[in-house]
Amino acid sequence: MRLGAYTACLHGMPLRDALGILAGLGLDSAEINSGGFLPPVHLPIEELRSSETARSEYLALFDEAGVALTALNCNGNPLDPDPEGARQARDIYTSIELAALLGVKRVVTMSGAPGSEPSSRLPVWNVVPWHSAFLRIRDYQWNEVAIPFWKKVHAFAADHDVRVCLEMHPGNVVDSTPGAATNGWRRVLIGPEHPYVAAAQSMPFAGVGHGGQEFFTYQARAFLDEISGLDRLPRQATFADGLHNLQVQRAVIEAAATGSTAVVTL
């Protein structure tokens, strides 16, 4: 398994320096921005698309640093009804094409959020489509926008032997209905299947993603259980838990940098 970082946080420096920082931290892989919400600062797209020599020289930077280029990232909203959404959609296709040329097997993006109808000017996150208007919005977003778009992207990616990976951010469509035609997230529990929601969700069915309503309901239920002396829901992480996780991560990074074995007292 590789440990790496998305270099968007290092866009203020040249790629060579950014890779040096990753290597210095004991990381051995990098994810490079290729469009979407952010400009591709570390990726000269047109130069790389047109020149095999440029691609070889670009990949040599990663070899010199001992850091593998594992993915291109064009996170954005390709389903946004604003013209900007169309540009971000094109960035996905460009990223897939360039990934294939560079020998990179993964392109990371977001599933996006369409408008509520063809005349929409803004995206709509339809969290709990439980009655008529919201059901119509759901059907439009999925049947007329999301499914046709992603079927084309999937076919294009398959033709280039590239996998498209989706970041799980709020504000994006996701189908968590078991057996749905879209299949949804394959390995992530969301909706009633998630143990935090199963015993506390305010609605007995899954929406498109999670809304604040579900999490508020969980917190309220957990609080009442605590003061009642019950122990029915998983406990929330504490500051000590977070600190311990950071200590484990630091030990792993230091071990990778020195080639030693990290020992962390639990």
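Could you list all residues from region 8-50 that are among the β-branched types (Val, Ile, Thr) and under 26 Å from Ala113 (Cβ atoms)?
Our first condition is that a residue be among the β-branched types (Val, Ile, Thr); within region 8-50, this holds for 21, 32, 41, 45.
The answer is Ile32, Val41, Ile45.
Give the residue, chosen from Leu72, Leu27, Leu48, Leu102, that is surrounded by 13 or more Cβ atoms within 10 Å (Cβ to Cβ) and under 30 Å from Ser260 (Cα atoms).
Numbers: Leu72 fails: under 30 Å from Ser260 (Cα atoms); Leu48 fails: under 30 Å from Ser260 (Cα atoms); Leu102 fails: under 30 Å from Ser260 (Cα atoms).
That would be Leu27, the only listed residue that is surrounded by 13 or more Cβ atoms within 10 Å (Cβ to Cβ) and under 30 Å from Ser260 (Cα atoms).
Can you pull out the residues in region 23-71 that are in a loop (DSSP other than H, G, I, E, B) and over 19 Å from the mean Cα position of the chain (by Cα)?
We begin by selecting, within region 23-71, every residue in a loop (DSSP other than H, G, I, E, B); these are 25-28, 34-44, 51, 66-67.
Result: Leu25, Gly26, Leu27, Asp28, Val41, His42, Leu43, Pro44, Ser51, Gly66, Val67.
Checking Leu79 against (1) hydrophobic (A, V, I, L, M, F, W, C); (2) touching a Gly at 6+ places or on another chain (Cβ under 6 Å); (3) modelled with pLDDT of 95 or more; (4) over 30 Å from Arg138 (Cβ atoms), only one condition comes out false. Which one?
Evaluating Leu79 over (1) hydrophobic (A, V, I, L, M, F, W, C); (2) touching a Gly at 6+ places or on another chain (Cβ under 6 Å); (3) modelled with pLDDT of 95 or more; (4) over 30 Å from Arg138 (Cβ atoms) leaves (4) as the failure.
Pick from region 30-45 the residues that are aliphatic (A, V, I, L, M) and buried (at least 19 other Cβ atoms within 10 Å of the Cβ): which of them is farthest from Tyr6 (Cα to Cα)?
In the first step, residues of region 30-45 are kept if they are aliphatic (A, V, I, L, M); the result is 30, 32, 38, 41, 43, 45.
Filter once more, so that each one left must be buried (at least 19 other Cβ atoms within 10 Å of the Cβ): 30, 32, 43.
Details: Ala30: 6, Ile32: 6, Leu43: 13 Å.
The extreme case among them is Leu43.
Can you tell which of Ala113, Ala86, Ala100 is assigned to a loop (DSSP other than H, G, I, E, B) and among the small types (Gly, Ala, Ser)? Steps first, answer last, please.
Numbers: Ala86 fails: assigned to a loop (DSSP other than H, G, I, E, B); Ala100 fails: assigned to a loop (DSSP other than H, G, I, E, B).
Exactly one residue qualifies, and that residue is Ala113.
Could you list all residues from region 11-22 that are more than 22 Å from Thr94 (Cβ to Cβ) and either in contact (Cβ under 8 Å) with a residue 40 or more places away in the chain or not in a loop (DSSP other than H, G, I, E, B) (or both)?
If the condition is that a residue be more than 22 Å from Thr94 (Cβ to Cβ) and either in contact (Cβ under 8 Å) with a residue 40 or more places away in the chain or not in a loop (DSSP other than H, G, I, E, B) (or both), then Arg16, Asp17, Leu19, Gly20, Ile21, Leu22 are the ones that fit.
Of all residues in region 116-142, count the ones that are part of a loop (DSSP other than H, G, I, E, B) and among the hydrophobic types (A, V, I, L, M, F, W, C).
Filtering region 116-142 for residues part of a loop (DSSP other than H, G, I, E, B) gives 116-131.
When the remaining residues are screened for being among the hydrophobic types (A, V, I, L, M, F, W, C), the result is 122, 124-125, 127-128, 130.
Of the residues in region 116-142, 6 are part of a loop (DSSP other than H, G, I, E, B) and among the hydrophobic types (A, V, I, L, M, F, W, C).
Out of the residues in region 134-165 meeting the condition of being over 20 Å from the mean Cα position of the chain (by Cα) and basic (Lys, Arg), tell me which one is farthest from Arg90 (Cα to Cα).
Arg136
Do we have Ala54 as in the same structural domain as Arg16 (by TED's automatic domain parsing), closer than 17 Å to Leu101 by Cα and either modelled with pLDDT of 95 or more or surrounded by 16 or more Cβ atoms within 10 Å (Cβ to Cβ) (or both) here? Show your work before the answer.
Numbers: in the same structural domain as Arg16 (by TED's automatic domain parsing): yes; closer than 17 Å to Leu101 by Cα: yes; either modelled with pLDDT of 95 or more or surrounded by 16 or more Cβ atoms within 10 Å (Cβ to Cβ) (or both): yes.
Yes, satisfied.
Does any residue in region 42-53 that is closer than 16 Å to Leu69 by Cβ come within less than 7 Å, Cβ to Cβ, of a residue that is among the polar types (S, T, N, Q) and in a helix (DSSP H, G or I) six or more places away or on a different chain, and which pairs are these?
His42/Thr7; Ile45/Thr94
The values are calculated or read from the model by the stated rules, or taken from the named source; none is laboratory data. Computed from a predicted model, the values in this text were never measured in an experiment. As a convention, Cβ positions derive from the backbone with ideal geometry for all residues, glycine included, and neighbour counts pool all protein chains shown.
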